[in-house]
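Asks: The structure under discussion is supplied below as structure tokens; questions concerning it will follow.
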Amino acid sequence: MYYLVYKSLSKKSLYSYKDFLEINLNKFVNDFTIIPLPKKKRKVVLLKSPHVNKKAKEAFEIVYYKFMIILNLDLKNLQIIRSNVPNLLHLKCFIKN
């Protein structure tokens, strides 16, 4: 059993790729599950002034969107899925017996 976790900063690209995967997996694989994962927010606060003015701060927020697919595939098909990931997405693969 393989666990594929996809992660991206862009919600639109992640979910369009999820729809693409879902359509293609429905054609070839019967045993798969897509699980949406909660988004993670990371906040960073920077000083605007490099010297004395500590009250002048600027805040930024980074949001990561994720989903997970659980598959039962052979290794050849898994390599095909792993090789066709767009540049905007990050993929982690876990194997569990």
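Asks: Would you check if Ile95 is loosely packed, with under 10 Cβ neighbours inside 10 Å, in contact (Cβ under 8 Å) with a residue 60 or more places away in the chain and hydrophobic (A, V, I, L, M, F, W, C)?
Replies: Values: loosely packed, with under 10 Cβ neighbours inside 10 Å: yes; in contact (Cβ under 8 Å) with a residue 60 or more places away in the chain: yes; hydrophobic (A, V, I, L, M, F, W, C): yes.
So Ile95 passes the test.
Per-residue answers, yes or no, for (1) outside any loop (DSSP other than H, G, I, E, B); (2) of a type in the set (A, V, I, L, M, F, W, C); (3) at pLDDT 85 or above:
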site: Asn53; (1), (2), (3): no, no, no
site: Phe60; (1), (2), (3): yes, yes, yes
site: Met68; (1), (2), (3): yes, yes, yes
site: Pro86; (1), (2), (3): no, no, yes
site: Lys92; (1), (2), (3): yes, no, yes
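Asks: Since Leu46 meets every condition but one in (1) surrounded by fewer than 10 Cβ atoms within 10 Å (Cβ to Cβ); (2) under 12 Å from the mean Cα position of the chain (by Cα), which condition does it not meet?
Replies: (2)
Asks: What do you reckon, is Tyr64 out of contact with any helix residue (DSSP H, G or I) (no Cβ under 8 Å at 6 or more places or on another chain) and among the hydroxyl-bearing types (Ser, Thr, Tyr)? Please lay out each step first, then the result.
Replies: Numbers: out of contact with any helix residue (DSSP H, G or I) (no Cβ under 8 Å at 6 or more places or on another chain): yes; among the hydroxyl-bearing types (Ser, Thr, Tyr): yes.
Yes.
Asks: Would you check which residues across segment 22-34 are within 20 Å of the chain's Cα centre (by Cα), surrounded by fewer than 12 Cβ atoms within 10 Å (Cβ to Cβ) and under 15 Å from Ile70 (Cβ atoms) and list them? Can you show your working first?
Replies: First pass over segment 22-34, keeping only residues within 20 Å of the chain's Cα centre (by Cα): 22-25, 32-34.
Filter once more, so that each one left must be surrounded by fewer than 12 Cβ atoms within 10 Å (Cβ to Cβ): 23, 33.
Thr33, the sole residue that qualifies.
Asks: What residue, of Leu78, Leu73, Leu37, is surrounded by 12 or more Cβ atoms within 10 Å (Cβ to Cβ) and assigned to a loop (DSSP other than H, G, I, E, B)?
Replies: Details: Leu78 fails: assigned to a loop (DSSP other than H, G, I, E, B); Leu37 fails: assigned to a loop (DSSP other than H, G, I, E, B).
Sole residue among the options that is surrounded by 12 or more Cβ atoms within 10 Å (Cβ to Cβ) and assigned to a loop (DSSP other than H, G, I, E, B): Leu73.
The values are calculated or read from the model by the stated rules, or taken from the named source; none is laboratory data. Given the structure is predicted, the values throughout are model-derived calculations rather than measurements. A quick note on method: Cβ atoms are made from the backbone with ideal geometry, for glycine too, and the neighbour counts reach across all protein chains shown.
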